[in-house]
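Student: One structure is given below, represented as C-alpha cells, and several questions about it will come after.
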Ligand SMILES: Cc1cc2nc3c(=O)[nH]c(=O)nc-3n(C[C@H](O)[C@H](O)[C@H](O)COP(=O)(O)O)c2cc1C
Ligand code: SF4
Ligand code: SF4
Ligand code: SF4
Ligand code: FES
C-alpha cells in the first residue's frame, strides 16, 4: 500500500523539458532511500501550467513543485519524501498563481480558481496509461449505464437537452447531429473523432488525448451506440506522437477488459476503434477532407450536401465530432442534461477549453464555463501582459477568427457573442497581443498560413488569398495605397461568399477584424510609412539623438554590420542608414536611450 | 468484464490507487518525520497508519511533516480535524497508532493519555 503518490507531468510541454528523466530519477532515488514500496511515481497528463513545467505534484500532501530538473529529484526524495520537509525553493510561489503565497496547496492555486474542469477533469490527476485509474474515477460508468438502461433515442435526447455544441469550431448542436445519423437507413454507420487540431497555437485536443485518452474511447462508444455505428475512427496528426501512443495503449487496455470489442457489458453491442494518422494539413481538419483522407484519397474538401451524416466515410452515414466535444459526453450521460445545461450561457452550455498564449504571463491550458469574460481569462487566470506592457488585442479562433480589443473584454464568451463581436470561438486558441504587436503583421501572419494551407481546389481561395497576402505584404513594406484597403475588403467578402469550404470562407476574418478595429494602423503604414509598433522592418529607421549620446561607443561595438561610426568620448555616434539592417542591437546596447526607432 | 457489477468491483479495487489524490477527508493525520522522528521510530508508525487506513477505510489522509520542534517526544502524530481542532499525540508506536485510528478517527474520541498535555503533566 502506497502512502504517497508523486505525479510527474508527462504532457508534451513538460516532456520537452525532460520530465521523462525526472520520472526515471524518482524511481531510482526512491530505491536508494528504500521508499519504493511506500511512494509511487505516476506519469500524468498536462496540468495546464506548461510554462511552469516540468511540474511535479505530491499527494496527499498537495504540494506543487515547478521548474523541476532531473537533478532536483534526489533532494525532493531525501527531504520531502524521506524526512517530510517540503523543498521550499522548488515550490510554486508565483504570486500570480497562488491566492496566499505562504500556503502551498494545489487547491489554493489561483490559476484553477475560476476554472471548471469537465473536459480536462482528469488531466494532471490520473495516469493516462492505466485504465484502472480511469475506472477508479467513474470511468466507463456512463457507457455501462447507457448500454444497460437507455435506448439510443434516450441517449440522443439527453444530448439534445444538455445543449452541448461542437467544440471544433462551428458550434453545431451535438445531439441534433447524432439524430441525423441515427435517422438514416442502413446498418453500416460510422463515428469519427476529429483530432487533427491544425489551428496554430491550439493544443487543447492534444492535451486531452495525452491526459485522458479513455474519456475519448468511452465518449465514442456512447456516440456509436446512439447513432448505430460499430466502428469508429480517430483521425489524429502524426505530429502528436505522445497522444497517439497513449491512445493506442488505452485502446489495447480497453479491448483486454472487454470495453471495446464484441458484446460490451454483455449487452450484445459491438464497437471498436481504428486510429488513422494524418500528415498535419490544416484543411484535413475540415470534415469532408478528413473523410477523404481516411478513405486513402487526397485530403480535399467536397461540397456539402451531402452531409457526412448522410454520406460520410465509405459513403455511409457518419457523425464526426471534435475531441473536446467527445470528452464532455461521458460526464453528461453520467450527471445528466440538467447538470450540464446549468453551466454556461443561454445558448452556449458547459465549459470551453482555451490554449492561452502570446503576450501573457501564465500561458497554458484553461477550462472555464461559457459566459466567463475575456477579462477574467486574460487578467485573473492569465495574469495579464508581462513586463508592464499595454494590452492591445486578443486573437481568438486562429486563422478563421479575429481580434478583439479592450472594448470587448467584458463580453461574456460564448459562440454567439464572439461572432457578434467580429471574431469566433474557433477551436479555442487564444493569443494575447500587446503594444509591441503590429496588427497588419498579425493579419499577414495568418494570411501566409492560409496561403500555405489552401488545398487549391477552388479559385476564390487559391487565387484570392494570394492576392490578399500580396497586398498585405506591400502595406508592410510601405508600398500600399489607401485604395488597397477597399480592394482588400471587397475581395474578402467575395472569398467569404464563394469559397468551397470553411478554410476559404473564414480566411478573410483576420483581415476584416483588424481592418475594422485597427484601421489607423493600416493607414499609418500606408500614409505615414510608419509601423507604430515597430515591427515591420522595412518601415523602421534607427537613428541616434546627438544630444543624448554620451559617446560611449557601446552601440558601435554591438552592430553586426559596422553601420555606426563616431569617436569615443569626442564625437556623437551616427548610424549609416544605407548599411543598417535594422537588427535593433544598438537600441538595446545603449544605456542612455539615445538610439531611437521610427 | 461482462457486466456493470464487474465494473463496480473493478472500480472499488482501483479506487485505492487514486484515493489519496481526492481532497476532502474529515481528518488529516500528520507524522513528524525529520531525522529525530525517524531515529525514534516514526517510520513504522507511518507505515502502520497508511496500511490500516487503507484496509479499514478510515476517513483521513496520512501525511508527513518535518521536525515539529519537540524532539524528546518523538515519534509525534498530529491529528487535525475539519474545524481546525488539533491533537498532538507523543511517543507513538505502531500499536498506539492503531488505537488512535480506531478511537479518534473511527469514533471521534481523543485518547487523552497519549496526548502531549497528559505526558507533560505527568512529567511535572
Ligand atoms: C479548415 C478547417 C479546419 C478544421 N479543423 C478542425 C480541427 O482541427 N478539429 C476539429 O475538431 N474540427 C475542425 N474543423 C471543423 C470540422 O469540419 C467539423 O465541423 C468538426 O470536426 C465537427 O465536430 P464538432 O461538432 O464536435 O465541433 C475544421 C474546419 C475547417 C473548415
Ligand atoms: S476554400 Fe480553399 S481549402 Fe477549401 S476547398 Fe477551396 S481551395 Fe481548398
Ligand atoms: S551607446 Fe548610446 S550613448 Fe553610447 S555611443 Fe551609442 S548612442 Fe551614444
Ligand atoms: S539596428 Fe542593427 S544594423 Fe542598424 S545600426 Fe543598429 S546595430 Fe547596426
Ligand atoms: S505539459 Fe506539463 S503542465 Fe502542460
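Where a number appears in this text, it was derived from the coordinates with a stated rule and is not lab data. Keep in mind that what you see is a predicted model, and the values were worked out from it rather than measured. Here Cβ is always computed from backbone atoms with ideal geometry, including for glycine, and neighbour counts include all displayed protein chains.
Student: Would you calculate the separation in nanometres between label points at residue A:588 and residue A:486, each defined as 7 Å from the Cα along the Cα-to-beta-carbon direction?
Tutor: 4.4 nm
Student: Using per-residue counts of other Cβ atoms within 10 Å, averaged over each peptide, order A:321-327, A:493-499 from highest down.
Tutor: Peptide ranking by packing, descending: A:321-327, A:493-499.
Student: Between residue A:551 and residue A:479, what's the calculated FRET efficiency when r is the beta-carbon distance and R0 is 35 Å? Round to 0.05.
Tutor: Calculated transfer efficiency: 0.40.
Student: Given N residues in region A:512-594, what is Rg(Cα) / (2.2 N^0.38 Å)? Walk me through the numbers on the way to the answer.
Tutor: On the way: Rg = 15.7 Å, N = 83, 2.2 N^0.38 = 11.8 Å.
Rounded to two decimals, the normalised Rg is 1.33.
Student: Tell me, what is the percent relative contact order of region A:350-508, built from C-alpha pairs under 8 Å that lie six or more residues apart?
Tutor: 20 percent
Student: Compute the length gained on full extension between residue A:180 and residue A:114: take 0.36 nm times their separation in residues and subtract their Cα-Cα distance, giving the result in nm to one decimal.
Tutor: 20.1 nm
Student: Restricting to region A:131-341, compute how many DSSP beta bridges are antiparallel as a %, nearest 5.
Tutor: DSSP beta bridges in region A:131-341 are roughly 15 percent antiparallel.
Student: Taking the inverse of the average 1/r across all pairs of different Cα atoms in chain B, what Kirkwood radius in Å do you get?
Tutor: After inverting the mean inverse Cα-Cα distance, the result is 15.4 Å.
Student: Take every Cα pair under 8 Å in chain A that's 6+ residues apart, average their separations, divide by the length, and report that relative contact order as a whole percent.
Tutor: In percent, rounded to a whole number, it is 11.
Student: Let me ask another. Would you mind giving the mean number of other chain beta-carbons within 10 Å of the Cβ of each residue in A:124-137, as a whole number? Numbers along the way, then the final one.
Tutor: Values: counts 1, 3, 3, 2, 0, 0, 3, 2, 8, 5, 3, 11, 12, 6.
What the average comes to for A:124-137 is 4.
Student: So for the pair residue A:262, residue A:69, with labels modelled 7 Å out along Cα→Cβ, what separation do we get in nm?
Tutor: With each label point 7 Å from Cα toward Cβ, the separation is 5.7 nm.
Student: Quick check: the angle from helix A:482-498's long axis to the longest principal axis of chain A, C-alpha only, nearest 10 degrees?
Tutor: Once rounded, one gets 10 degrees.
Student: Mind jotting down the three principal axis lengths of region A:119-195 based on Cα atoms? Whole angstrom, largest first.
Tutor: 40, 33, 25
Student: Still on this structure: In square nanometres and to one decimal, what's the mean projected area of the convex hull around the Cα atoms of region A:351-434?
Tutor: Values: hull surface 17.8 nm².
Computing the convex hull of the Cα atoms and averaging its projections yields 4.5 nm².
Student: Residue by residue through B:57-65, how many Cβ atoms from other chains fall within 10 Å of the Cβ on average?
Tutor: So the per-residue partner count for this stretch is 4.
Student: Using the Kirkwood formula over every pair of different C-alpha atoms, what hydrodynamic radius in Å results for region A:131-341?
Tutor: This gives a value of 16.8 Å.
Student: Stretch residue A:578-residue A:187 to full length: gain in nm at 0.36 nm per residue minus the Cα-Cα span?
Tutor: Residue separation times 0.36 nm, minus the Cα-Cα distance, leaves 133.5 nm.
Student: Looking at the calculated P(r) for region A:186-243, what percent of the C-alpha pair distances fall above 17 Å?
Tutor: Tail of the P(r) past 17 Å holds 41 percent of the pairs.
Student: While we're here: Quick check: residue separation of residue B:22 and residue B:39 times 0.36 nm, minus the Cα distance between them. What number comes out in nm?
Tutor: That works out to 3.0 nm of additional length.
Student: So, one more: Hey, what does the equivalent ellipsoid look like for region A:228-359, semi-axes from the Cα gyration tensor as sqrt of 5 times each eigenvalue, largest first, whole Å?
Tutor: The equivalent ellipsoid of region A:228-359 has semi-axes of 24, 23, 18 Å.
Student: Still on this structure: Using square roots of five times the C-alpha gyration tensor eigenvalues, list the equivalent-ellipsoid semi-axes of region A:424-478 in whole Å, biggest first.
Tutor: Equivalent ellipsoid semi-axes, largest first: 22, 18, 7 Å.
Student: Counting pairs of Cα atoms in region A:454-513, how many percent are more than 15 Å apart?
Tutor: 44 percent
Student: Taking N as the number of residues in region B:47-111, what value does Rg over Cα atoms divided by 2.2 N^0.38 Å take?
Tutor: Expressed relative to 2.2 N^0.38 Å, the Cα Rg reads 1.07.
Student: Cα-based Rg (one decimal) and Dmax (whole number) for region A:1-76, in Å?
Tutor: Rg, Dmax (Cα atoms, Å): 11.4, 34.
Student: Mind checking A:30-40 for the average number of partner chain beta-carbons within 10 Å of each residue's beta-carbon?
Tutor: Mean shielding count: 1.
Student: Chain A: percent of C-alpha pairs farther apart than 46 Å?
Tutor: Details: 41297 of 178503 pairs.
I get 23 percent for the Cα pairs in chain A exceeding 46 Å.
Student: Could you give P(r) for region A:288-393, binned at 5 Å from zero, as whole percent values over all Cα-Cα pairs?
Tutor: Whole-percent P(r) values from 0 Å outward: 2, 10, 14, 13, 10, 13, 15, 12, 7, 3, 1, 0.
Student: Evaluate the distance, in nm, between pseudo-label points positioned 7 Å from the Cα of residue A:565 and of residue A:541 along their respective Cα→Cβ axes.
Tutor: 1.8 nm
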